[in-house]
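This report refers to the structure that appears directly beneath it.
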Amino acid sequence: MNKAEKILPYKDSGKDKKKQVAEMFDNIAEKYDFLNHFLSLNIDKIWRKKTVLLLKKIKPQKVLDIATGTGDLALEIYKRLKPNKITGVDISEGMLKVAREKIQRKKLSQAIDFRVGDSENLKFDDNYFDAVTVAFGVRNFANLKAGLKEMYRVLKPGGKIVILEFSQPENFPVKQFYGFYSRYLLPFFGKLFSKDKSAYTYLPESVNAFPYGEKFLEILKETGFSSVGAKKFAFGISSVYYADK
């Protein structure tokens, strides 16, 4: 078990991590997009675009977006790649409600489908998807390796995964600024707008505990993926990881 798997949103609730994460995202779903864009100064939108473009060469027609949340990455995939079908899964019904409202407004219900799903027990056939994506979700997995193994299972041979996740800047002064931001500013604004201080305390704690960089690349290799690699964004505040089956 890595450190991130031990980090819980509500430490005294007595529920397992999956139930706590689902409850947390249900609680903050209505304010999630606003806070994401506000707290990142909209840079998260640029990160998603760059992540999706890593799939451009393989022209995927069936894409699975895990921990799809409010659907921003799924919508970016459709905008940039126009696959035949995008399926988004998430354990939070509250987040999916927001995602479904988005695709209804954009009249994309035929192209994008959202459903409740567990990353560690995906209800799809082996070797089914051309690409699997995750944005800011793998650090919330209750069992990281189990989730990655499921991604590997449902991915076609020759398919690609791309995983966008927060990491930790290592150089002065970005490291010091980001530490101050995540420890003080993120919980403050999270509590102010979402009324859930625990959620925006958990989120930076889960980032700090996540095995980012080379450690995560090694885990991908252990899971069976090949041609693994990574690119840092914003001096290492986030990273995109990619690999083939």
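The values are calculated or read from the model by the stated rules, or taken from the named source; none is laboratory data. Note that the coordinates shown come from a computational prediction; the quantities given were computed from them, not determined experimentally. Cβ: placed from backbone, ideal geometry, glycine included. Neighbour counts: every protein chain shown. These accessible areas exclude ligands, DNA and RNA; they are computed on the full protein's heavy atoms, side chains included. Shrake-Rupley method; radii C 1.70, N 1.55, O 1.52, S 1.80 Å.
Just a few scattered comments:
- Over segment 84-140, the hull volume per residue, using the convex hull of the C-alpha atoms, is 97 Å³.
- A 1.4 Å probe over all protein chains sorts 153, 48 by accessible area into 153, 48, starting with the largest.
- Of the solvent-accessible surface of the chain, computed with a 1.4 Å probe over protein heavy atoms with every protein chain present, carbon and sulfur atoms account for 53 percent.
- Rel. contact order, % - alpha carbon contacts under 8 angstrom, at least six apart, segment 116-245: 29
- Segment 80-202: proportion of alpha-carbon pairs further apart than 25 angstrom, %: 40
- Mean Cα-pair separation over length for the chain, i.e. relative contact order, pairs under 8 Å, 6 or more apart, %: 22
- Cα gyration tensor category, rounded, prolate or oblate, for the chain with a/c compared to 1.5: rounded
- Net dipole in debye of segment 1-147 [+1 Lys, Arg Cβ; -1 Asp, Glu Cβ; about Cα centre; nearest 20]: 660
- Debye log10 I(q)/I(0) for segment 1-135, one point scatterer per Cα, at q = 0.14, 0.15, 0.21 Å⁻¹: -0.68, -0.78, -1.36
- Local electrostatic count at residue 160 - Lys and Arg +1, Asp and Glu -1, tallied over other residues with Cβ under 12 Å: +3
- Value of Rg/Rh across segment 143-183 [Cα atoms, Kirkwood radius]: 1.24
- Listed residues 95, 1 arranged by accessible area, highest first, probe 1.4 Å: 1, 95
- Computed over protein heavy atoms with a 1.4 Å probe, the accessible surface of the chain works out to 49 Å² per residue.
- Long-range Cα-Cα pairs in segment 150-245 (distance over 23 Å), rounded percent: 38
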